[in-house]
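Single-structure report; data block below.
The values are calculated or read from the model by the stated rules, or taken from the named source; none is laboratory data. Quantities reported herein were computed from a predicted structural model and do not represent experimental measurements. Because the Cβ atoms are built from the backbone with ideal geometry, glycine has one as well, and the counts that use them run over all protein chains shown.
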């Protein structure tokens, strides 16, 4: 197809009078390829029931006159015959039929209250006829921007009479024909819509969004301005000349719109058919009510006759005998009534109890079956046939009721599923529009609501399950865009340090130049992996080694923390030396260390358990002159890592960062992100960016110095991330998982 089309209807049902509808035909693929697609935009004031009949008549008659015209199939065989001729002929038939219909139904339409547009789209050709004050706008590309022109033509020519009848003028006296320019748009709307949206707003919305999403955006904007004025519109996009990527962008929205229209049409047809074919009722319960009422009346009459007869007989007795007889009869009646009531209650309980017991007794069912057969065989053949027939009718009746209940339940469930899917499709379009206008908070809110709604959907069958899962995956993609999150399913494996030593137990990772270094304190070695040729080698560490923790690269050397000492490793020749740290005892715990100030090579130590940051100066054989760098009472008890760049950034275990300047805490906080950062493990600073590793959630997060999230990466397939490091240009991140080295690209 060379076009895409969407309708816009807002506040049309809030008016007691008149009818406002947009109708877009849904012919089958063969008819659409041969004859295009019809559309109607109608706004008629008057009695609601009358004008509704008129709009229904117009839509049904137009479809019949146009698509059932046999000349459509002769377009290639008759010279000079065009779709425009067939469309004009259909309009002429419609005009005649409509005038006859108005006369027959005695419906009077006022010219000033009648606005109709009937059009045809075929490839990139447009034919339409306008009656009334509806607008028609062409939005076309002009140089590097879009321009809008009004091509409306009034075909009403209301002459001197104000009422349309069978003797009045034609409704559609002219047809406007033309081609929609490539990559251009056409907007049909009622008179009030351009009064609430400027040309600039219309151009921006229609040209930047697919037609269906543009219609929803216009409805959202108009609903905030006025909730009572009706707005109607049809948006047409000419896709002739668009690239394949642009066509792919709109494909999902168009498919959902077509599916929605088809399902709505099928549901409407099904309801109408069910109403026409529904029987008066499988069971007429009112007849049973009358029967029981008549039986009750007969019983009451009999009781009255008995009482009267008894009274007459008593009246014939002498006065004293009559008094004794009345008293005795009253006592007898009371005893009989009491005994009968008591007996009925007891019998009822006995019957219920025996029934419950016998339900699970197979002997009872066998005896009942035998007695039933005997009783049935004792009946007259005619009575037996009637009984069997009544039994069959009862079974059919019960089966029919059960099947009806089941089918109604299935139908209601299917309709509810379709309704919820349609709501989610609308929300998905809303999310895309929010993202287009950079409304992150609005998109985040709607995504949360949509995912909760998807979890609440009850699905039945593989088709509904697949449709629900497809919607969820599309929403997850949108959520990842809002979260600034990239999930890396399969990071690239560079090598395994076990290839050098099968019993290696690497603890940490550092990248220096073209090599990766992983320390193994148990083996008193540092393994190297050449990032270019993927070869693995080892460097043995001399001395009393108990740990090789928290590696730091400083001035072409790699430093490791070894209890209360530093191991200085020369990666060029593999030699190492041990540097002492003054005033650090065996029981002191160093949580992190860093170097800063190239001229003095200061060593900074973080000792979180005592909330201290110490600075030491280089001396003979190590670092001395320890001073307390902190100038306030900032608590650092939960600190796990730190980084230095003019200021000192201390990473807390809860995922927050404390920023220190000149020994004092300054205001700084990371923005809230989704998913939340609750268990941070390691912090590195490179080129004014903070890199945080969260081992639990397998994420690497990147923030700027203002605390704003730049991006986050999740490595879902790595189960034991020990450490990470970055390349010199920060375009690649490396991860140590177990004893293997992986890399991912940080370029987006």
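Of the conditions (1) surrounded by 14 or more Cβ atoms within 10 Å (Cβ to Cβ); (2) out of contact with any helix residue (DSSP H, G or I) (no Cβ under 6 Å at 6 or more places or on another chain), residue 674 clears all except one; give me its number.
With (1) surrounded by 14 or more Cβ atoms within 10 Å (Cβ to Cβ); (2) out of contact with any helix residue (DSSP H, G or I) (no Cβ under 6 Å at 6 or more places or on another chain) applied to residue 674, the lone miss is (2).
Collect the residues in segment 557-574 that are exposed (fewer than 14 other Cβ atoms within 10 Å of the Cβ) and either at pLDDT 95 or above or in contact with a strand residue (DSSP E or B) (Cβ under 8 Å, 6 or more places away or on another chain) (or both), keeping them in residue-number order.
Of all residues in segment 557-574, those exposed (fewer than 14 other Cβ atoms within 10 Å of the Cβ) come to 570, 572-573.
Once the filter is applied, which keeps residues that are exposed (fewer than 14 other Cβ atoms within 10 Å of the Cβ) and either at pLDDT 95 or above or in contact with a strand residue (DSSP E or B) (Cβ under 8 Å, 6 or more places away or on another chain) (or both), segment 557-574 yields only 570.
How about segment 595-611: which of its residues are touching a strand residue (DSSP E or B) at 6+ places or on another chain (Cβ under 6 Å) and in a strand (DSSP E or B)? Lay out the reasoning, then the answer.
Taking segment 595-611 first, the residues touching a strand residue (DSSP E or B) at 6+ places or on another chain (Cβ under 6 Å) are 595-596, 601-606, 608.
Matches in segment 595-611: 595, 596, 602, 603, 604, 605, 606.
Report yes if residue 589 is in contact with a helix residue (DSSP H, G or I) (Cβ under 8 Å, 6 or more places away or on another chain) and either at pLDDT 95 or above or farther than 19 Å from residue 724 by Cα (or both), otherwise no. Explain how you work it out, then say what you get.
Values: in contact with a helix residue (DSSP H, G or I) (Cβ under 8 Å, 6 or more places away or on another chain): yes; either at pLDDT 95 or above or farther than 19 Å from residue 724 by Cα (or both): yes.
Yes; evaluated as a whole, the condition is true for this residue.
Quick check on residue 392: is it part of a helix (DSSP H, G or I) and surrounded by 11 or more Cβ atoms within 10 Å (Cβ to Cβ)?
Values: part of a helix (DSSP H, G or I): yes; surrounded by 11 or more Cβ atoms within 10 Å (Cβ to Cβ): no.
So residue 392 does not fit the description; no.
Being surrounded by 10 or more Cβ atoms within 10 Å (Cβ to Cβ) and assigned to a helix (DSSP H, G or I) is the filter here; which residues of segment 370-386 pass it?
Applying the first criterion (surrounded by 10 or more Cβ atoms within 10 Å (Cβ to Cβ)) to segment 370-386 yields 370-373, 375-376, 379, 383-386.
Across segment 370-386, the qualifying residues are 370, 371, 372, 373, 375, 376, 383, 384, 385, 386.
Are any residues in segment 512-526 crowded, with 21+ Cβ neighbours inside 10 Å and closer than 11 Å to residue 571 by Cα, and if so, which ones? Reasoning before the result, please.
As a first pass, look at segment 512-526 and keep what is crowded, with 21+ Cβ neighbours inside 10 Å: 516-520, 525-526.
Passing the criteria: 516, 517, 526.
Taking only segment 508-525 into account, find how many residues are assigned to a loop (DSSP other than H, G, I, E, B), under 18 Å from residue 729 (Cα atoms) and touching a strand residue (DSSP E or B) at 6+ places or on another chain (Cβ under 9 Å).
Applying the first criterion (assigned to a loop (DSSP other than H, G, I, E, B)) to segment 508-525 yields 513-514, 521-524.
This time we only want the ones that are under 18 Å from residue 729 (Cα atoms), so: 513-514.
After this cut, where a residue has to be touching a strand residue (DSSP E or B) at 6+ places or on another chain (Cβ under 9 Å) as well, the list is 514.
The number of residues fulfilling the criteria is 1.
Going by what's in this entry, would residue 701 be described as buried (at least 18 other Cβ atoms within 10 Å of the Cβ) and either more than 14 Å from residue 653 (Cα to Cα) or within 27 Å of the chain's Cα centre (by Cα) (or both)? Full working, then the answer.
Details: buried (at least 18 other Cβ atoms within 10 Å of the Cβ): yes; either more than 14 Å from residue 653 (Cα to Cα) or within 27 Å of the chain's Cα centre (by Cα) (or both): yes.
It is true that residue 701 is buried (at least 18 other Cβ atoms within 10 Å of the Cβ) and either more than 14 Å from residue 653 (Cα to Cα) or within 27 Å of the chain's Cα centre (by Cα) (or both).
Tell me, please, whether a residue that is farther than 23 Å from residue 638 by Cβ, free of Cβ contacts under 8 Å to residues at least 12 places away in the same chain and exposed (fewer than 15 other Cβ atoms within 10 Å of the Cβ) can be found in segment 603-616.
Within segment 603-616 (the criterion being farther than 23 Å from residue 638 by Cβ, free of Cβ contacts under 8 Å to residues at least 12 places away in the same chain and exposed (fewer than 15 other Cβ atoms within 10 Å of the Cβ)), the answer is no, since none of the residues qualifies.
Any chance segment 612-633 includes a residue that's under 18 Å from residue 651 (Cβ atoms), outside any strand (DSSP E or B) and modelled with pLDDT of 90 or more?
Yes, segment 612-633 contains at least one residue that is under 18 Å from residue 651 (Cβ atoms), outside any strand (DSSP E or B) and modelled with pLDDT of 90 or more.
Being free of Cβ contacts under 8 Å to residues at least 40 places away in the same chain and in the same structural domain as residue 717 (by TED's automatic domain parsing) is true for just one of 672, 688, 681, 641. Which residue is that?
On the way: 688 fails: free of Cβ contacts under 8 Å to residues at least 40 places away in the same chain; 681 fails: free of Cβ contacts under 8 Å to residues at least 40 places away in the same chain; 641 fails: free of Cβ contacts under 8 Å to residues at least 40 places away in the same chain.
None of the others qualify; the one that does is 672.
Could you grab me the full set of residues in segment 471-497 that are part of a helix (DSSP H, G or I) and either surrounded by 12 or more Cβ atoms within 10 Å (Cβ to Cβ) or touching a strand residue (DSSP E or B) at 6+ places or on another chain (Cβ under 8 Å) (or both)?
Narrowing segment 471-497 to residues part of a helix (DSSP H, G or I): 471-483, 497.
Matches in segment 471-497: 471, 472, 474, 475, 476, 478, 479, 480, 481, 482, 483, 497.
Where the second residue is in a loop (DSSP other than H, G, I, E, B) and the first is surrounded by 11 or more Cβ atoms within 10 Å (Cβ to Cβ) and lies in segment 440-467, which pairs have Cβ atoms under 6 Å and are six or more apart or on separate chains?
465/459
Taking segment 26-44 on its own, how many of its residues are crowded, with 20+ Cβ neighbours inside 10 Å and either without any contact (Cβ under 8 Å) to a residue 12 or more places away in the chain or in contact with a helix residue (DSSP H, G or I) (Cβ under 8 Å, 6 or more places away or on another chain) (or both)? Lay out the reasoning, then the answer.
Let us first name the residues in segment 26-44 that are crowded, with 20+ Cβ neighbours inside 10 Å, namely 35-36, 38-44.
Next, only the ones that are either without any contact (Cβ under 8 Å) to a residue 12 or more places away in the chain or in contact with a helix residue (DSSP H, G or I) (Cβ under 8 Å, 6 or more places away or on another chain) (or both) stay: 35-36, 38, 40, 42, 44.
Residues in segment 26-44 being crowded, with 20+ Cβ neighbours inside 10 Å and either without any contact (Cβ under 8 Å) to a residue 12 or more places away in the chain or in contact with a helix residue (DSSP H, G or I) (Cβ under 8 Å, 6 or more places away or on another chain) (or both): 6 in total.
Surrounded by 13 or more Cβ atoms within 10 Å (Cβ to Cβ) and either without any contact (Cβ under 8 Å) to a residue 40 or more places away in the chain or within 30 Å of residue 490 (Cα to Cα) (or both): is that true of residue 652 in this structure?
Numbers: surrounded by 13 or more Cβ atoms within 10 Å (Cβ to Cβ): yes; either without any contact (Cβ under 8 Å) to a residue 40 or more places away in the chain or within 30 Å of residue 490 (Cα to Cα) (or both): yes.
Here the answer is yes, as residue 652 does meet what is asked.
Could you go through segment 229-240 and let me know if any residue there is more than 23 Å from residue 19 (Cβ to Cβ) and at pLDDT below 80.
Yes, segment 229-240 contains a residue that is more than 23 Å from residue 19 (Cβ to Cβ) and at pLDDT below 80.
Is there a residue in segment 420-434 that is at pLDDT below 85, more than 12 Å from the chain's Cα centre (by Cα) and part of a helix (DSSP H, G or I)?
Within segment 420-434, one or more residues are at pLDDT below 85, more than 12 Å from the chain's Cα centre (by Cα) and part of a helix (DSSP H, G or I).
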